[in-house]
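To keep things clear, I will list the structure first and then write my remarks on it.
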Amino acid sequence: MSVSLYISLVMLCMIFVDHAPRIFGNIMRLKSVLTNIVEPDFGLLDDLLSLDVLTLPQLADVRSERTVYRRNNALLELLTSEDQCDTFVKALRRTGQLHVVNLITQNGG
């Protein structure tokens, strides 16, 4: 294999790795932690509705859960794409939950 071909392959791999879905994966890995620290009841759910992450029936289902832990679990189960997760992080920022944003974007670190 020529050096130029090798360099091209390495660069191509870096592009794909750099653009790989990360927020979705981080949220799924951190789900058990997130269910304990996300605050869904003071604007987050309403923001997710206005940002088209949740539908009205989904919002009602999440709100019907009895505990914050269960509401968070129900909410996280509805996040199924990188776009939804990116918007979830945006809503967390908008509702002042920067500690949660930092946890997600730093993959728990």
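The table below gives the values:
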quantity	calculated
Leu51-Arg63 pseudo-label distance in nm [points 7 Å out on the Cα-to-Cβ vector]	1.9 nm
Dipole moment magnitude, nearest 20 debye, the range 22-105 about Cα centre, only Lys, Arg, Asp, Glu C-beta charged	280 debye
Stretch gain in nm, segment Leu98-Arg22, where the contour uses 0.36 nm per residue and the Cα spacing is subtracted	25.6 nm
Qualifying trypsin sites (Lys or Arg not before Pro) for the range 34-80 [loop in DSSP, other Cβ within 10 Å: at most 10]	Arg66
Rounded, prolate or oblate (a/c below 1.5 giving rounded, otherwise prolate when a/b exceeds b/c) for the range 22-105 by Cα gyration tensor	rounded
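The numbers here are math on the coordinates, done by the rules we state, and not lab data. Just so it is clear, the structure is predicted and the values come from calculations on it, not from any experiment. So basically every Cβ, Gly included, is an ideal-geometry build from the backbone, and we count neighbours across all protein chains shown.
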